[in-house]
Structure formats: structure tokens, C-alpha cells
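Step one of this worksheet: look at the structure below.
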Amino acid sequence: MEGCGDFIKWLGPDVSIKILMCLEDPSDVVRVCAVSSSWRQFVIANGLSKQLCLRMFPETSSVGHVIGVNNMIEPIDVRPDNSLEWEFLERDHRVYAFLARGLTSFVRKDCASEAIRASSTDNYPKESIQNTLEPSDRVEQRPSYWSSKGESEPTVPEMLLYKLTSNLCVITEIHVKPFQAYFQFGFPIYSAKAVRFRLGHPKCPVDLESYGRDESASAQEFTGGKFVWTYVSPEFPMAQENHLQKFTLPEPALCIGGILQIELSGRVQKQEMDGLYYICVSHVQVVGRPLLPAFDVEILDPSGKCTLKYYQDVDDCLHSTKSSEGETSSPSRFRFFTTSIRGWEQMIMNTLFGAGAVVVNDDDSDDEFPA
């Protein structure tokens, strides 16, 4: 190795940053840190993990602070003479590396955890929005679907509101299945003409808590001042067909706040008995990558600024218990391996080379993903 030089020293910081920012996988940034102490210092000092995370998910720019929850260190202004400067830089590096890695490691098809409210419901609770979380058109020999109220004007839209499994999720697809009324003459399908999706959070948590489940609400309440929508999709055409229609977002969208709104525009089917237009949905499925349990997001103010919280001792937070077979289990159905003495970087490196994994015990998926 005699005569070999360190390209970071040879090229200088500006060119070196441009080269390293060509990396597309957060795991590669971790590998760079493992090359030498000088490379590790360079990556941390220039915030390359954070830059990569922001490039992959621009919506994370609203994360105003990064807090290590265990020590509750509050962010402060970083100055050259500040003895805590390196500690903060290391913390940001660790958190954003984990964040980028956690958001890109696995995909779930059940990112919608709760149906909150519909803009209207025809027969509550029989035709409740809660039914849209059921994958089948029938539950216990009864039809399972949500139905809007009837309208004489086919242009009246409807809104469906859902809570996601995590306060921070990367959403790639949303699937919607219109309902076919198999108990009506002609088996009509009550689809919408088009669909649009919004991701965001309530301006105040109490606004969401005050929403009565399945009570009718005007479109104004859904699109007005109660929510901050950080992402709005283009409008997708919906077919009048009774199958799970897949709507792929142009780019993966980061939802900060864990709220999904589905806007259904245009009515195509009249009900024969009353001559009114309805929209009916049998099932909604949200595909994406929720944040790992080691993280959480707290909204700071109505503008959308938020705090990213990183729980270093995630095993303690999950209260894992030993099963009779000697394996570790937990109420949230995650299994974690213990961090080695070198800490978070060694844990990721072990995972990359097969020494550790986190398994999601999901009925529909056998995916494994690193912590």
C-alpha cells in the first residue's frame, strides 16, 4: 500500500463530497465510515448521511430537530468553539443513517391501521368506512363496504380519512376496490371517475381525537384548516370495475404525521330505486415502508415542523420477553438483535453481511429487513 494516497486529502473536501454524494444506498455511507477514522470524521463532519436522506426523501426537510430520547439533549447552535459540536454531529449522522436505512428496507401492504372518518355515510354502521379495511366483499355472509350518501349531482366528491401504522411512512402505492352490489339488479359497480391522495397530519392532535368515528363531515372539514397536507398526488382515473385497482405514486411519498386522505371525484352509477348517484368502496390497501419502532415523529407546530425522535434502547421500549423456545418476542411482533460493543455502525454492517436481521411476523409477508 506504499505510495497510495487518501483521495479525500488529494482532491479536497468539495470534490470529495461530490463523489461521495453519488452514493445511492445509505449502507454505502456506513461502509465509507468503516474504511478509516479520517473517512468517518469526514462523513460525519459534512453531514453526508443527512444529505443522502434528504435527497432520497425531500419531505424530511421539515424535521426541524433530531433528539436522542434517552439523554434528551436539546439541539443548540453549533459553533467552532463548542465542545459539544462533535457529539451533535455524530448524533445527527447516526439518526439519519438509521432513518434512511429503516425507510428503505421493507415494504408492507397494510400501512393503513385505522379508518377514521368519511365525508358521508349512507347507512351507519352497516355501510361504515371501517368495512374498507376488510379485504373481502363479504364478512360473515354479509356485504362489507362503505357507501356514500346519494346525490342527484354526479360531480359531488367524497373523502375517506385513514390513520397509518406509523407517524412517518414512505408510501409507494394505494389500492382501492370499488364495490359491486351483487344484491341489486344488474350487479352495478359504484365506482368513482377519479381518485386523488393527500398525506399529512392534523394541525392539532386534538382535532383528530375530536372526530367522531363514521359521523358525516363536509368536504370543507377535510380540505380546510384542520390538516396540513405535505403531499398531494396527481389525479388518477378509476375504472368501473370490481377489482383492487392499483394507483402507483409518481415517486415514493413521505407522510409525516401518519394521515391519508382519499378523494373520490365523479359518480358514475345511479341506484335504480331512488335515482341518486353513489360511491361505494369495498377495500383500501396502502403499500409502503413505515418507520421502524426505534423512531417517532412529533409535530411541533401547525406549519408542519416536527421533531424526529430516536430511541437508542429500542429493546427496552418494546419490553421483549423470552418465549418457551428461547427466542425473543414482543407485543409488537418484532424481534431485534442486541447491539454489539461497536454500536450502531457495527449493527448495520453485521446486518449487511448476514449476521443479524429483524423479522416481521406478518401473515402476508416473509420479508426480512435490517434494523
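The values are calculated or read from the model by the stated rules, or taken from the named source; none is laboratory data. Values in this document were obtained by computation on a predicted structure and should not be read as measured data. Don't worry about glycine lacking a Cβ; one is built from the backbone with ideal geometry, like all the others, and counts go over all protein chains shown.
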Any residue that is surrounded by fewer than 21 Cβ atoms within 10 Å (Cβ to Cβ), of a type outside the set (D, E, K, R), at pLDDT 95 or above and on the phi < 0 side of the Ramachandran plot - is there at least one of those in the stretch 205-212? no
For the stretch 28-62, give me each residue that is in contact with a Pro (Cβ under 9 Å, 6 or more places away or on another chain) and in a loop (DSSP other than H, G, I, E, B). 46, 57
Long-range neighbours under 7 Å by Cβ, at least six apart or interchain, first residue aromatic (Phe, Trp, Tyr) within the stretch 240-253, second loosely packed, with under 14 Cβ neighbours inside 10 Å: none
Strands (runs of 3 or more DSSP E) contained in the stretch 92-198 and holding at least 1 residues at pLDDT below 95 and β-branched (Val, Ile, Thr): 112-118, 168-178
Taking interchain pairs and intrachain pairs at least six residues apart, which have beta carbon atoms under 8 angstrom, with the first residue in the stretch 39-60 and free of Cβ contacts under 8 Å to residues at least 60 places away in the same chain and the second surrounded by 17 or more Cβ atoms within 10 Å (Cβ to Cβ) and among the small types (Gly, Ala, Ser)? 42/16; 43/49; 49/97; 49/100; 52/100; 53/97; 53/100; 56/100
Out of the residues in the stretch 100-142 that are touching a Ser or Thr at 6+ places or on another chain (Cβ under 8 Å) and among the aliphatic types (A, V, I, L, M), state the one that is surrounded by the most Cβ atoms within 10 Å (Cβ to Cβ). 118
Matching option when the condition is over 16 Å from residue 112 (Cα atoms) and buried (at least 18 other Cβ atoms within 10 Å of the Cβ), among 267, 289: 267
For the stretch 89-115, pairs from a residue that is under 26 Å from residue 41 (Cβ atoms) to a residue that is of a type in the set (S, T, N, Q), with Cβ under 6 Å and 6 or more apart or across chains, are 93/49; 96/49; 97/49
Are any residues in the stretch 11-29 surrounded by 17 or more Cβ atoms within 10 Å (Cβ to Cβ) and at pLDDT below 85, and if so, which ones? 26, 27
Check on residue 192, over 30 Å from residue 293 (Cα atoms), of a type in the set (A, V, I, L, M, F, W, C) and either assigned by TED's automatic domain parsing to the domain that holds residue 227 or touching a helix residue (DSSP H, G or I) at 6+ places or on another chain (Cβ under 9 Å) (or both): yes
Please state which of the following conditions residue 310 fails to meet, knowing it meets all the rest: (1) among the aromatic types (Phe, Trp, Tyr); (2) modelled with pLDDT of 95 or more; (3) assigned by TED's automatic domain parsing to the domain that holds residue 96. (2)
